[in-house]
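Engineer: Here it is: the structure, laid out below.
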Amino acid sequence: MVMRNHYHNHWFPERPFKGSGYRCIRINGQMDPLVAAAGASCGLDAVFLRSLFPSELTLWVDPHEVSYRIGENGSVCVLLDERARPEPAKKDRMRSAYGNFGGWAPEPVSACAFS
């Protein structure tokens, strides 16, 4: 809910790159305030939350796509591309609310080539 509220006036599905700078999450020695707030709202300890992330991470959260880069010189990898996934049948859409994503899952991180 923290991220949803933060992005409320900065989400433009018809123009996905509009507002992308505002939606960029950056961890570079310090935890991004938005991630810290989301973790706190879930009851996660700040030190534990920080331990879950690499020391340097950039995450772009855009309509239809989420991508990331580890380190300043790492490759940009797509974590989620909604345009590439098949439209689930109605029965599968109902299941997706409970964690079954209609047989679809994002590519594992290991499928991404880092430079």
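Engineer: Which ordering of Trp11, Trp60 is given by a fewest-first count of other beta-carbon atoms within 10 Å?
Structural biologist: Trp11, Trp60
Engineer: Report the charge-dipole magnitude of segment 2-84 in Debye, nearest 20, computed about the Cα centre from +1 at each Lys and Arg Cβ and -1 at each Asp and Glu Cβ.
Structural biologist: That gives a dipole near 160 debye.
Read-outs: derived from the displayed coordinates by stated rules, not from any lab. Bear in mind that the values here come from a model prediction, so they are computed numbers and not experimental data. As a convention, Cβ positions derive from the backbone with ideal geometry for all residues, glycine included, and neighbour counts pool all protein chains shown.
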